[in-house]
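What follows is a single structure, written as structure tokens, with notes after it.
What follows draws every value from the coordinates through simple rules; no lab data is involved. Because the structure is predicted, anything quoted here is derived from the model rather than measured. Every residue, glycine among them, receives a Cβ derived from its backbone with ideal geometry; neighbour counts consider all protein chains shown.
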Amino acid sequence: MRRATLQSIAAASAFIITWGGMASAQQRPGTNAPTPVPASELQGSAPAAQIVQEPYIDASTERSSLPNTPLLVTGVVVLGASYGASVLGAARSDSETDDKLYYPVVGPWMALSDRDCSADPCSRKTLDTTLLVGSGVVQGLGALSVLMSLVIPRTTTHSWYLIGTEDLNVTPLGGYGELGAVAVGRF
């Protein structure tokens with residue numbers, strides 16, 4: 001029994017010595033400097049090869065997609081709401097100049113230029129002018145947002161070290177003397 005204990009201690013010691021020797025022979029990342037060439041070999045040889053640098057891995061990647069969905073949805077909602085208000089105003093009005101409000105984006109501007117308060121008395125000239133200008137500006141911004149969503153890509157950043165989907169991510173975690181993983185998700 002004593003002999004078996006001595007043999008297991010010897011085997012464990014040999015394993016630790018060998019394993020430790022292999023670990024110290026491995027090079028640490030970022031320390032790939034080549035061994036200097038002796039000066040005697042440098043004089044008659046070809047030019048020295050360039051030092052190859054280790055690749056740098058960025059922790060995140062960016063992806064672009066067209067159309068820019070958030071910008072497109074915002075533009076459609078803004079254009080639709082302001083155009084809908086103009087159509088309701090045109091439907092309720094008896095004035096012929098307000099029929100131009102059925103045209104999106106340019107309708108409020110056309111109705112504003114055709115409005116003649118000298119021939120037909122306007123009871124709320126300031127309010128109507130303000131609403132027409134506001135509707136034209138908001139419709140124009142909505143249409144511009146829709147067009148720009150086709151030109152400006154949506155850029156999203158994804159981290160390479162995240163494992164999983166948007167509902168569940170597993171991320172590495174390190175602290176003082178500790179290593180592990182954290183699971184974050186929507187359940």
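On the basis of the beta-carbon distance and an R0 of 22 Å, T74 and S95 show a calculated FRET efficiency of 0.10.
Given R₀ = 41 Å, what would the calculated FRET efficiency be for V137 paired with S64, taking r from the Cβ atoms and rounding to 0.05? List each step's numbers first, then the result.
Working: r = 30 Å, r/R0 = 0.73.
Efficiency at R0 = 41 Å is approximately 0.85.
3J(HN,Hα) along segment 80-86: x, 5, 6, 5, x, 5, 5 Hz, from the Karplus curve 6.51 cos²θ - 1.76 cosθ + 1.60 with θ = phi - 60°, whole Hz, x for Gly and Pro.
Size check on segment 69-149: the Cα extents along the three principal axes, sorted descending, read 47, 19, 16 Å. Counting every other Cβ atom within 10 Å of each residue's Cβ, L79, L173, L144, L101 order from fewest to most as L173, L144, L79, L101.
What is the fewest-to-most order of S65, S95 by other Cβ atoms lying within 10 Å of their Cβ?
The most exposed by this proxy come first: S65, S95.
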